[in-house]
Amino acid sequence: MATIRASCTDCGDVELTTDEVKVRVCTADNQGTYSFRCPSCRMTVVKPAEPRTVDLLVASGVAYSTWSPPLELSEPRGGGAAFTHDDLLDFHELLFDDGALADAMASLSD
């Protein structure tokens with residue numbers, strides 16, 4: 001099992017095993033990160049990783065996974081007025097109005 005040297009923002013350089021490090025790569029833009037729990041302070045540390053670093057970590061036995069951003073990020077924006085604080089207050093009041101809530105639920109089944 002390989003030993004990996006990484007840096008904790010609070011503790012400085014630490015030594016880890018391949019089981020203690022994880023690599024994640026975004027499927028949309030191929031950006032990678034590696035993460036580990038610092039053996040000294042027990043905080044989780046996440047750092048960006050260049051493709052070469054990802055390749056080296058995976059080759060040494062580090063667990064690799066991918067993730068995809070939510071589809072909502074690719075939806076078109078605009079087409080309506082911005083949601084304001086007053087809109088939020090109006091919505092909050094509607095949630096406590098049983099009649100308005102029943103009407104809204106009924107309109108969903110139409």
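Read the figures in this text as sums done on the coordinates, not as results from a lab. Predicted model only: the values in this text are computed from it and were never measured. Cβ: placed from backbone, ideal geometry, glycine included. Neighbour counts: every protein chain shown.
Based on DSSP H runs of at least 4 residues, each adding -39500 (n - 2.57), what is the mean residue ellipticity at 222 nm of the chain after dividing by all its residues, to the nearest 500 deg cm²/dmol? Please report the intermediate quantities before stating the final value.
Values: 3 runs with 31 residues, N = 110.
Estimated from H runs of four or more residues: -8500 deg cm²/dmol.
Counting other Cβ atoms within 10 Å of each Cβ, which trypsin sites (Lys or Arg not before Pro) in segment 5-101 have at most 12 and sit in a DSSP loop? Kindly include the intermediate steps, with their values, before the conclusion.
Working: sites: ARG5, LYS22, ARG24, ARG37, ARG42, ARG52, ARG77; in loops: ARG42, ARG77.
Qualifying residues, ordered by number: ARG42, ARG77.
Roughly how big is the chain's charge dipole about its Cα centre, with Cβ charges of +1 (Lys, Arg) and -1 (Asp, Glu), in debye to the nearest 20? Walk me through the numbers before you get to the answer.
Working: 8 positive and 18 negative charges, 231 e Å.
Roughly 1100 debye for the chain.
One entry in [x] 12, 26, 18, 12, 18, 12, 1; [y] 14, 43, 26, 12, 4, 1, 0; [z] 14, 39, 23, 13, 8, 3, 0 is P(r) over Cα pairs in 10 Å bins from 0, in percent calculated from the shown coordinates; its label is [x]. Computed on segment 1-97, with alpha-carbon pairs under 8 angstrom and 6+ residues apart, the relative contact order is 24 percent. Segment 64-110 and segment 1-45 have Cα centres lying 37 Å from one another.
Under the rule that an exposed site lies in a DSSP loop and has at most 15 other Cβ atoms within 10 Å, name the longest stretch of the chain with no chymotrypsin sites (Phe, Trp or Tyr not before Pro) of that kind, not counting the sites themselves. Result for the longest clean stretch: 1-82.
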